[in-house]
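Engineer: Structure in structure tokens, see below.
The values are calculated or read from the model by the stated rules, or taken from the named source; none is laboratory data. The structure displayed is predicted, hence computed values, not measured ones. Ideal geometry is used to build each Cβ from the backbone, glycine not excepted, and the neighbour counts take in all protein chains shown.
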Amino acid sequence: MLSMAKNQHILLIDGYRFLAAISVVCFHYFADVNSAQTRFNVLYGKIFEFPHLAFFEYGRFGVDLFFLISGFVIALSAEGRSFSGFLASRVARIVPTYWLAIILTSAVILIFQYQPLSLRQLFANLAFLQRPLGESFIDGVYWTIAIEFRFYLLVAVLILFKVYRFYHWLLLGWVVLCFVDYYGVNIGWIKQLFITSYGYYFSAGGAFYHIYQERHRMLSVMTVVLSFCLAVLVGVDRFKELTDIGVGCVIFVCYGLMWLISSKRFDDIKCNSLVVAGAVTYPLYLLHLKIGNILMKHLTITASGILLNIIIMVGMLLLSWVVSRYFEKSVNPAVRRGLEALLSGLHQSASRLLKPAN
């Protein structure tokens, strides 16, 4: 059995993160039938019609790759961690940049009067309570962050109640539960609590980590295979506008990329550019869609078509680098330390209160 130092950095994951993010950006900017360019086709004479870029429709599967990566990284992050240490690290990783993205996106919406924005909607988005409060996402990509956050909370609960050591079995059970949900045993609270619409990706990611660590191999391979089968079934059902072969091939590539990590074939790779690429991924994902669409709408008088979208994409990359370099590097560590101290203190206080008197 191998153990991984907590400070070990798998560069291939950075590359995969960037690949996933840029795939989603290309999907939204060049192929998404629901985003700005299709609406602008009507307004501006089809200047955003790119039939030769139709293959970017498959860029939507960048989200699926994100979830696979997250399953792997969370299994790594949770191992040997306390409840307070794990939860603080995860909250510090996603929440500060998420809140900054909400503030920046809301500012752009208000400046350009793009859509109505209420304080209730703003609060719901800041607190990950969009659906419970019946409010819409300020930016269409936020739904995935809400799912990620629920996944983190599930793992934190496993650590808190000291059942994380059974994680390899729980991953398999999670995939089976997702299969049960897919085949019609639809129980609302189970679907929401266990994220059965996407949980099979997190399960496979965790299983790939166990394969990487050379433990629970047979069980983990079984989890990956079941997850892959369900991913293809769901993908084919979900995206009727795409070919079944295309969907299957893209999902196969996503799982194949994760297998490359678990095989350790590229553990010794050294490339500083991948570190930078991985660092800009999260802010790029959060910032590109709504702000990009607003800019497309207001800049069509000076530029058009694919050139405008490329310019906006480059601008989003630069903005994301600034956020990563000057915001995340200074704010996230401070938030993590403060949260860990707070959660640790609360956990100790609760333990003392619940401890039976002698």
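Engineer: Take the residues of the range 128-148 that are small (G, A, S) and within 15 Å of Q192 (Cβ to Cβ): which is nearest to the chain's Cα centre (by Cα)?
Structural biologist: Here is the first cut: in the range 128-148, the residues small (G, A, S) are 134, 136, 140, 146.
Then keep just the ones that are within 15 Å of Q192 (Cβ to Cβ); that gives 134, 146.
Details: G134: 22, A146: 9 Å.
Applying the filter and picking the extreme gives A146.
Engineer: Check I103, I109 and return the single one that is more than 22 Å from the chain's Cα centre (by Cα) and within 23 Å of V25 (Cα to Cα). Reasoning before the result, please.
Structural biologist: Details: I103 fails: more than 22 Å from the chain's Cα centre (by Cα).
Only one candidate passes the filter, namely I109.
Engineer: May I ask you to say which residue of I109, I195 is of a type in the set (V, I, T), crowded, with 18+ Cβ neighbours inside 10 Å, more than 30 Å from M258 (Cβ to Cβ) and in contact (Cβ under 8 Å) with a residue 40 or more places away in the chain? Don't jump to the end; show me each part of the working.
Structural biologist: On the way: I195 fails: more than 30 Å from M258 (Cβ to Cβ).
After applying the criteria, what remains is I109.
Engineer: Report, by residue number, each residue of the range 125-175 that is farther than 14 Å from I102 by Cβ and among the polar types (S, T, N, Q).
Structural biologist: T144
Engineer: Something else about it: Is it fair to say A156 is closer than 30 Å to L339 by Cα, touching a Phe, Trp or Tyr at 6+ places or on another chain (Cβ under 7 Å) and either touching a residue at least 24 places away in the same chain (Cβ under 8 Å) or not small (G, A, S) (or both)?
Structural biologist: Criteria met by A156.
Engineer: When you scan the range 258-268, do you find a residue that is within 26 Å of W321 (Cα to Cα), in contact (Cβ under 8 Å) with a residue 60 or more places away in the chain, over 18 Å from the mean Cα position of the chain (by Cα) and surrounded by fewer than 20 Cβ atoms within 10 Å (Cβ to Cβ), even just one?
Structural biologist: Scanning the range 258-268, I find at least one residue that is within 26 Å of W321 (Cα to Cα), in contact (Cβ under 8 Å) with a residue 60 or more places away in the chain, over 18 Å from the mean Cα position of the chain (by Cα) and surrounded by fewer than 20 Cβ atoms within 10 Å (Cβ to Cβ), so the answer is yes.
Engineer: If I filter the range 169-187 down to residues being among the β-branched types (V, I, T) and surrounded by fewer than 24 Cβ atoms within 10 Å (Cβ to Cβ), which single residue comes out as modelled with the highest pLDDT?
Structural biologist: The selected residue is V176.
Engineer: Could you list all residues from the range 211-225 that are touching a residue at least 24 places away in the same chain (Cβ under 8 Å) and either more than 26 Å from the chain's Cα centre (by Cα) or over 17 Å from L257 (Cα atoms) (or both)?
Structural biologist: Residues satisfying the conditions are E214, R215, H216, L219, M222.
Engineer: I've got another one for you. Would you call I190 modelled with pLDDT under 95 and of a type in the set (A, V, I, L, M)?
Structural biologist: yes
Engineer: So which of S324, S320, S330, S344 is in contact (Cβ under 8 Å) with a residue 40 or more places away in the chain, assigned to a helix (DSSP H, G or I), surrounded by fewer than 18 Cβ atoms within 10 Å (Cβ to Cβ) and small (G, A, S)?
Structural biologist: Details: S324 fails: surrounded by fewer than 18 Cβ atoms within 10 Å (Cβ to Cβ); S320 fails: surrounded by fewer than 18 Cβ atoms within 10 Å (Cβ to Cβ); S330 fails: in contact (Cβ under 8 Å) with a residue 40 or more places away in the chain.
After applying the criteria, what remains is S344.
Engineer: Pull out all pairs, ordered by first then second residue, where Cβ-Cβ is under 7 Å, the residues are six or more apart or on different chains, the first lies in the range 169-192 and is touching a residue at least 24 places away in the same chain (Cβ under 8 Å) and under 19 Å from L158 (Cβ atoms), and the second is assigned to a helix (DSSP H, G or I) and among the small types (G, A, S).
Structural biologist: Short answer, once both residue conditions are applied: L171/S203; L171/G206; L171/A207; W174/G199; W174/S203; V175/S203; V175/S227; C178/G199.
Engineer: Another question, if that's okay. Looking at F66, F83, F72 in this structure, which one is touching a Lys or Arg at 6+ places or on another chain (Cβ under 8 Å) and closer than 18 Å to L153 by Cα?
Structural biologist: Being touching a Lys or Arg at 6+ places or on another chain (Cβ under 8 Å) and closer than 18 Å to L153 by Cα holds for just one of F66, F83, F72, which is F66.
Engineer: Right, next: If you go through the range 108-126, how many residues are of a type in the set (G, A, S) and at pLDDT below 95?
Structural biologist: Residues flagged as of a type in the set (G, A, S) and at pLDDT below 95 within the range 108-126 amount to 1.
Engineer: Do we find a residue being β-branched (V, I, T), assigned to a loop (DSSP other than H, G, I, E, B) and in contact (Cβ under 8 Å) with a residue 40 or more places away in the chain anywhere in the range 129-142?
Structural biologist: Checking the range 129-142: at least one residue is β-branched (V, I, T), assigned to a loop (DSSP other than H, G, I, E, B) and in contact (Cβ under 8 Å) with a residue 40 or more places away in the chain.
Engineer: Another question, then. Going by the conditions given, is S77 modelled with pLDDT of 50 or more and farther than 22 Å from L287 by Cβ? Walk me through how you get there before you give the answer.
Structural biologist: On the way: modelled with pLDDT of 50 or more: yes; farther than 22 Å from L287 by Cβ: yes.
Answer is yes for this residue.
Engineer: Residue under question is L87, and the condition is that it be surrounded by 19 or more Cβ atoms within 10 Å (Cβ to Cβ) and either farther than 23 Å from R337 by Cβ or in contact with a helix residue (DSSP H, G or I) (Cβ under 6 Å, 6 or more places away or on another chain) (or both); does it hold?
Structural biologist: Spelling it out, L87 is indeed surrounded by 19 or more Cβ atoms within 10 Å (Cβ to Cβ) and either farther than 23 Å from R337 by Cβ or in contact with a helix residue (DSSP H, G or I) (Cβ under 6 Å, 6 or more places away or on another chain) (or both).
Engineer: Search the range 276-303 for residues being touching a helix residue (DSSP H, G or I) at 6+ places or on another chain (Cβ under 6 Å) and β-branched (V, I, T), and hand back the single one that is surrounded by the fewest Cβ atoms within 10 Å (Cβ to Cβ).
Structural biologist: In this case the residue turns out to be T300.
Engineer: Which one of the conditions (1) closer than 28 Å to L299 by Cβ; (2) modelled with pLDDT of 95 or more; (3) not acidic (D, E) does S70 fail to meet, given that it meets all the rest?
Structural biologist: Status for S70: all satisfied but (1).
Engineer: Could we say that A350 is modelled with pLDDT of 85 or more and over 30 Å from G140 (Cβ atoms) here?
Structural biologist: Spelling it out, it is not the case that A350 is modelled with pLDDT of 85 or more and over 30 Å from G140 (Cβ atoms).
Engineer: Please determine whether any residue of the range 10-17 is under 30 Å from A78 (Cα atoms) and either in a loop (DSSP other than H, G, I, E, B) or modelled with pLDDT under 90 (or both).
Structural biologist: Here is the first cut: in the range 10-17, the residues under 30 Å from A78 (Cα atoms) are 10-17.
Going one step further and asking which of them are either in a loop (DSSP other than H, G, I, E, B) or modelled with pLDDT under 90 (or both), we end up with 10.
Checked the range 10-17: at least one residue is under 30 Å from A78 (Cα atoms) and either in a loop (DSSP other than H, G, I, E, B) or modelled with pLDDT under 90 (or both).
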